[in-house]
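Data block below; observations after.
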Amino acid sequence: MKIKSFKANKVYGYLNFDINYHSDLSFLVGVNGSGKTTILKIIQALLTPSLPDLLSIPFTNATIEYEDSNERVKITTTKNEEYLELGVSAIEEKLTLPMMVADE
């Protein structure tokens, strides 16, 4: 599998990412607090998928595109106060989950 691109908006309310990966080798470089680890956590959460991680990291939407066995796949997620929606390019129907609010 080769990751082609990753995008995420309003991560922690203020970080936006638009990364195109090189076909041979790519590095994530930045100062502390710039979001490198968060990028990796969101990528892992999209690929595994890990709903607890997707629900716990604040963002509005994220997309990863990868190529596997010459097939291009796109995984998208959108999140707001009401729901989390997860979709895969090869599947027409999207998974929509309500956001759970804990009682105080």
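The values are calculated or read from the model by the stated rules, or taken from the named source; none is laboratory data. Worth saying up front: this structure is predicted, and the values here are computed from it rather than measured. Neighbour counts run over all protein chains shown; Cβ positions are idealised from the backbone, glycine included. These accessible areas exclude ligands, DNA and RNA; they are computed on the full protein's heavy atoms, side chains included. Shrake-Rupley method; radii C 1.70, N 1.55, O 1.52, S 1.80 Å.
Before we move on, is Asp53 charged (D, E, K, R), in a loop (DSSP other than H, G, I, E, B) and open to solvent by 30 Å² or more (accessible area, probe 1.4 Å)? No, not satisfied. The one condition from (1) surrounded by 14 or more Cβ atoms within 10 Å (Cβ to Cβ); (2) in a loop (DSSP other than H, G, I, E, B) that Ile75 does not meet is (2).
Here's the yes/no breakdown for (1) of a type in the set (Asp, Glu); (2) touching a strand residue (DSSP E or B) at 6+ places or on another chain (Cβ under 9 Å); (3) more than 18 Å from Leu86 (Cβ to Cβ):
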position: Ser5; (1), (2), (3): no, yes, no
position: Gly13; (1), (2), (3): no, no, yes
position: Asn20; (1), (2), (3): no, yes, yes
position: Val29; (1), (2), (3): no, no, yes
position: Leu47; (1), (2), (3): no, yes, no
position: Ser50; (1), (2), (3): no, no, no
position: Leu55; (1), (2), (3): no, yes, no
position: Ala62; (1), (2), (3): no, yes, no
position: Asn70; (1), (2), (3): no, no, yes
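In the range 80-96, the qualifying residues are those that are closer than 22 Å to Tyr12 by Cα and assigned to a loop (DSSP other than H, G, I, E, B), and the one that is least open to solvent (accessible area, probe 1.4 Å) is Asn80. For the structure I just gave you, tell me whether Asp24 is touching a helix residue (DSSP H, G or I) at 6+ places or on another chain (Cβ under 6 Å) and either aromatic (Phe, Trp, Tyr) or open to solvent by 60 Å² or more (accessible area, probe 1.4 Å) (or both). Against the criterion (touching a helix residue (DSSP H, G or I) at 6+ places or on another chain (Cβ under 6 Å) and either aromatic (Phe, Trp, Tyr) or open to solvent by 60 Å² or more (accessible area, probe 1.4 Å) (or both)), Asp24 does not qualify.
Each row is one residue, and each column tells you yes or no for (1) at pLDDT 90 or above; (2) of a type outside the set (Ser, Thr, Tyr); (3) buried (at least 17 other Cβ atoms within 10 Å of the Cβ).
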position	(1), (2), (3)
Phe6	yes, yes, yes
Lys10	yes, yes, no
Gly30	no, yes, no
Ser34	no, no, no
Thr37	yes, no, no
Gln44	yes, yes, no
Pro49	no, yes, no
Ile64	yes, yes, yes
Glu67	yes, yes, no
